[in-house]
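Asker: Here's a structure for you.
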Amino acid sequence: MKISRRTLLQLTGVSTVMIAFLPKMAFAARNSLRTVRTGIQPGNKTRLVIETADRPSYSITYPTNQIIVTLSNTAANASLKPNLAAGSLVKSITQAQVGDKLQIIANLSQPVSAIPKDQIMILSPNGDNDYRLVLDFAAGQVGAVVASSSKSETKTAPAKKYTIVIDAGHGGKDPGCIGKNGTKEKTVVLAVAKKLKNKLDAAGFQTYLTRSGDTYLKLAQRAKIGEKKHADLFLSLHANANPSRSMKGFSIYTLSEKASDEEARKLADAENAADKIDVSGFEQFDKDIRVALSALQQHAVAEMSVEYASGCAKQFKSMKITQQPGPDVRHAPFAVLRSTVPGALIELGHLSNATEEKLLTSASHQNKLVNAIVKSVKAYNFDV
Ligand SMILES: [Zn+2]
């Protein structure tokens with residue numbers, strides 16, 4: 001019944017991204033409403049499509065038995081004739097101009113709860129279509145969220161549990177890197193991952209581990225767990241090694257085709273080499289994801305990942321955890337991060353450094369790392 005995330009844009013992310021791209025102008029071009037229509041999607045979901053001349057900037061509220069989409073800086077369409085599909089949840093659609101904002105009010109036959117962001121997308125113009133804001137929803141998921149006022153732009157807070165998949169790197173026949181005193185990366189990161197899971201669960205998140213024991217998993221399998229769980233965030237935990245034993249500190253990475261620097265490229269090579277232990281699957285998975293993700297989707301996921309990663313680096317620094325010299329967020333083609341789920345790979349420290357090897361095995365330092373990550377997850381804006 002679920003429509004794959006892969007077929008959907010992460011709308012809120014996308015809109016934020018696009019807005020962020022535009023220079024702040026005092027007089028933005030005025031948008032206008034073209035058409036509104038509904039359809040039925042697999043799983044008996046209703047699809048509401050709002051077509052506008054320019055990329056829409058919007059907010060959504062959920063008064064009882066209604067969905068109100070408020071479009072910023074948008075003019076109504078006086079000759080609007082909504083095209084409503086038989087059997088959809090939308091009984092009627094009206095528009096209301098409120099200053100420079102346009103409200104599209106969908107009157108529903110049954111209540112719906114706040115639509116998850118992966119069920120909302122903005123499509124760019126193609127063929128006869130202009131920009132389309134697309135919302136997919138089903139009846140009565142959790143019960144209606146009542147907005148304080150139908151004219152309010154305030155986002156209602158859905159009682160949604162955000163899902164985090166925590167990936168302890170390596171495992172089983174793949175130990176990861178090994179410290180001078182024999183500390184294995186796979187052991188340290190699993191210990192941290194389990195602590196992190198406990199703290200995030202306690203903080204009200206829904207969390208899953210890609211592995212909870214000393215098992216070997218291919219990188220694509222790990223990424224796929226994020227997809228299957230419909231994760232809102234994917235965190236891959238690692239510790240690294242450097243030829244220079246004096247090199248210290250944490251570093252945080254997001255996915256990109258090109259590495260941000262030579263060091264990041266080498267690190268991605270090293271981490272991706274985990275799959276060379278059992279080569280197969282990755283190429284295929286990679287291709288699947290590539291086909292399914294539009295450039296815009298990839299961009300949205302990348303932007304959300306960077307937003308999380310830079311917030312995470314900030315938390316690490318505020319807790320005085322040593323940072324490896326370099327930028328807060330680096331980028332490289334990490335296989336484990338290839339998915340539609342925003343995420344980051346965190347190198348918690350250097351096992352090749354004697355001081356950090358000791359720290360990484362100490363419960364108090366592990367707790368410190370966990371606390372920094374929990375703070376970063378709490379501070380991350382899942383909705384925007
Ligand atoms: Zn690793």
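Asker: Inside segment 354-381, can you point out the residues that are buried (at least 19 other Cβ atoms within 10 Å of the Cβ) and not in a helix (DSSP H, G or I)?
Answerer: Listed by number, the list holds a single entry, 380.
Asker: What number goes with the only condition from (1) in a loop (DSSP other than H, G, I, E, B); (2) at pLDDT 50 or above; (3) of a type in the set (Lys, Arg) that residue 132 does not pass?
Answerer: Exception for residue 132: condition (1).
Asker: Quickly run through segment 185-229 and pick out the residues that are in contact (Cβ under 8 Å) with a residue 60 or more places away in the chain and closer than 20 Å to residue 354 by Cα.
Answerer: Correct list: 185, 188, 189, 191, 192.
Asker: Moving to a separate point now. Identify, please: which residue in segment 163-196 is more than 16 Å from residue 215 (Cβ to Cβ) and of a type in the set (Lys, Arg) and is, among those, modelled with the highest pLDDT?
Answerer: The residue in question is 195.
Asker: Has segment 337-351 got at least one residue that is assigned to a loop (DSSP other than H, G, I, E, B) and either outside the structural domain of residue 265 (by TED's automatic domain parsing) or at pLDDT 95 or above (or both)?
Answerer: Scanning segment 337-351 turns up at least one residue that is assigned to a loop (DSSP other than H, G, I, E, B) and either outside the structural domain of residue 265 (by TED's automatic domain parsing) or at pLDDT 95 or above (or both).
Asker: Of the residues in segment 170-184, how many are within 18 Å of residue 353 (Cβ to Cβ) and within 16 Å of the ligand (Cβ to nearest atom)?
Answerer: The qualifying residues number 7.
Asker: With respect to residue 268, determine if the residue is of a type in the set (A, V, I, L, M) and either at pLDDT 95 or above or within 16 Å of the ligand (Cβ to nearest atom) (or both).
Answerer: Yes: the conditions hold for residue 268.
The values are calculated or read from the model by the stated rules, or taken from the named source; none is laboratory data. Here the structure is a predicted model, which means the values were calculated and not measured. Positions of Cβ are backbone-derived with ideal geometry, glycine not excepted, and every protein chain shown enters the neighbour counts.
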